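Below: the structure, in structure tokens.
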Ligand code: MV4
């Protein structure tokens with residue numbers, strides 16, 4: 001087993017990997033930018049190496065500096081986390097050249113899945129269902145017209161080098177073809193330096209359901225069930241759960257088998273995810289493969305009982321998978337809420353800042369994977385994810401009630417704004433509770449006005465209430481989520497809160 005691993009990441013995922021290292025008796029090396037000198041992952045690591053200025057392009061994306069940090073600290077392996085360099089084949093190659101093990105799949109597997117046209121061809125050849133569309137890249141408007149004739153409208157043009165929602169163009173009418181072609185090519189060139197594109201039949205209101213796969217170097221490939229990820233906004237997931245309330249046992253088994261076939265077709269090693277689009281008729285189609293550990297991996301950990309990050313490290317060290325398909329089953333229900341420093345009342349704009357108070361939920365069935373601490377901050381240089389709040393319940397109903405309870409316990413105060421009130425609203429939405437969700441749920445159901453009140457203390461009455469509570473040294477508690485001065489269904493008005501503390505005074 002490795003004695004020392006470098007973590008090429010920051011925030012909650014770096015802390016998550018450090019925890020896995022600790023449990024395996026491995027030393028963890030953090031890297032950090034100038035903005036992250038006092039970040040949580042640096043405090044938690046055994047060793048920490050500065051790698052440059054705050055902008056990610058000058059630190060967390062600098063392959064040379066990270067490889068150098070690994071060599072200088074004697075780290076035998078690098079865990080890339082998610083984001084940053086996690087799906088960068090050149091990084092995986094550079095690590096191999098430096099004699100450092102990349103904890104992830106081969107550079108070739110990363111590359112093949114990074115090219116959406118290549119991935120589609122490979123999947124189709126392996127018998128994995130793909131969305132009806134062009135088998136290869138298209139060169140002209142004429143070719144687009146031919147496929148529109150064949151498939152009917154609407155269709156989507158997708159950049160071959162795209163993914164995660166970038167470089168897509170919807171065509172609803174024939175007259176829109178020339179403009180759509182021009183724009184997808186110019187966007188793809190500008191964003192990826194690669195103007196190639198292809199076409200798919202557009203599925204209306206699909207669900208996003210993904211399957212966790214895992215493979216070792218001995219040819220064992222398994223799946224660990226699905227995650228329902230339809231609750232997202234502008235291609236940013238906000239809530240995930242496992243299992244999916246939409247899948248039947250038969251569908252689950254078929255999707256699992258297909259996902260394993262997909263992973264085997266690229267010679268996959270380690271943790272990966274096969275993303276599917278699922279239509280209302282329960283047809284499922286391969287969308288993309290993520291060749292990394294994902295943000296939402298803990299929901300799978302909670303229902304299967306396996307530690308996926310530890311398994312990644314064990315497989316990278318050349319050990320066989322610590323589980324076989326027969327050992328894996330889903331027990332109960334897990335839900336994850338991503339707690340972001342962003343303002344749901346203002347288009348979910350990032351709202352980072354200092355954290356003066358943080359009291360995370362605890363108690364039965366709660367897990368909190370956090371990247372910050374009270375006294376620290378959410379930096380404006382990086383993704384504003386504060387933490388991931390997860391719950392487990394025996395069934396979906398218990399998990400929902402537990403998440404509502406946990407969200408109501410969450411206290412955070414400071415100069416940041418959070419999306420806690422958004423989650424409190426969502427977890428009480430009748431359609432969400434019924435599992436009636438698709439990728440357009442939030443576009444249809446969410447308006448800023450659905451939240452209890454704005455997160456600004458601009459109402460003099462509320463301001464007075466908060467001040468009254470502060471007087472009784474219950475400032476953070478009175479503010480409930482610490483950010484909003486608004487009403488909440490648990491706490492009632494801030495007047496009531498202030499009064500309550502008044503009554504409790506000896
Ligand atoms: C689609 C689609 C409908 N039909 N493809 C968005 C992310 C990118 N990886 C693929 N995406 C989509 N591809 C066809 N043929 C709808 C989406 C889509 C979506 C997919 C998953 C989660 C959220 C989404 C939000 C809007 C559009």
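Some observations on this one:
- Residue that is surrounded by the fewest Cβ atoms within 10 Å (Cβ to Cβ), among those in segment 225-248 that are more than 12 Å from the ligand (Cβ to nearest atom) and in a loop (DSSP other than H, G, I, E, B): 248
- Flag for residue 391 being more than 16 Å from the ligand (Cβ to nearest atom), assigned to a loop (DSSP other than H, G, I, E, B), within 22 Å of residue 359 (Cβ to Cβ) and in contact with a helix residue (DSSP H, G or I) (Cβ under 8 Å, 6 or more places away or on another chain): no
- Qualifying positions in segment 129-143 - buried (at least 20 other Cβ atoms within 10 Å of the Cβ) and more than 10 Å from the ligand (Cβ to nearest atom): 134, 138
- Between 188, 146, the distinction of being in a helix (DSSP H, G or I) and either within 10 Å of the ligand (Cβ to nearest atom) or crowded, with 21+ Cβ neighbours inside 10 Å (or both) belongs to 188 only.
- Residue match in segment 206-215 (condition: farther than 15 Å from residue 116 by Cβ and surrounded by fewer than 22 Cβ atoms within 10 Å (Cβ to Cβ)): yes
- Residue 50 vs. criteria farther than 22 Å from residue 294 by Cβ and either at pLDDT 95 or above or surrounded by fewer than 18 Cβ atoms within 10 Å (Cβ to Cβ) (or both): yes
- Odd one out for residue 170 among (1) loosely packed, with under 14 Cβ neighbours inside 10 Å; (2) part of a helix (DSSP H, G or I); (3) modelled with pLDDT of 95 or more: (2)
- Candidates 220, 290, filtered to the one that is farther than 20 Å from residue 403 by Cα and more than 17 Å from the chain's Cα centre (by Cα): 220
- Residue that is farthest from the ligand (Cβ to nearest atom) [pool: residues in segment 196-222 that are touching a strand residue (DSSP E or B) at 6+ places or on another chain (Cβ under 8 Å) and without any contact (Cβ under 8 Å) to a residue 60 or more places away in the chain]: 221
- Among the residues of segment 362-388, those that are touching a residue at least 60 places away in the same chain (Cβ under 8 Å), in a loop (DSSP other than H, G, I, E, B) and crowded, with 19+ Cβ neighbours inside 10 Å comprise 371, 372, 379, 382, 383.
- Residue within segment 295-304 that is within 16 Å of the ligand (Cβ to nearest atom), touching a strand residue (DSSP E or B) at 6+ places or on another chain (Cβ under 8 Å) and in a loop (DSSP other than H, G, I, E, B) present: yes
The values are calculated or read from the model by the stated rules, or taken from the named source; none is laboratory data. These numbers were taken from a predicted model, which means no experiment stands behind them. So basically every Cβ, Gly included, is an ideal-geometry build from the backbone, and we count neighbours across all protein chains shown.
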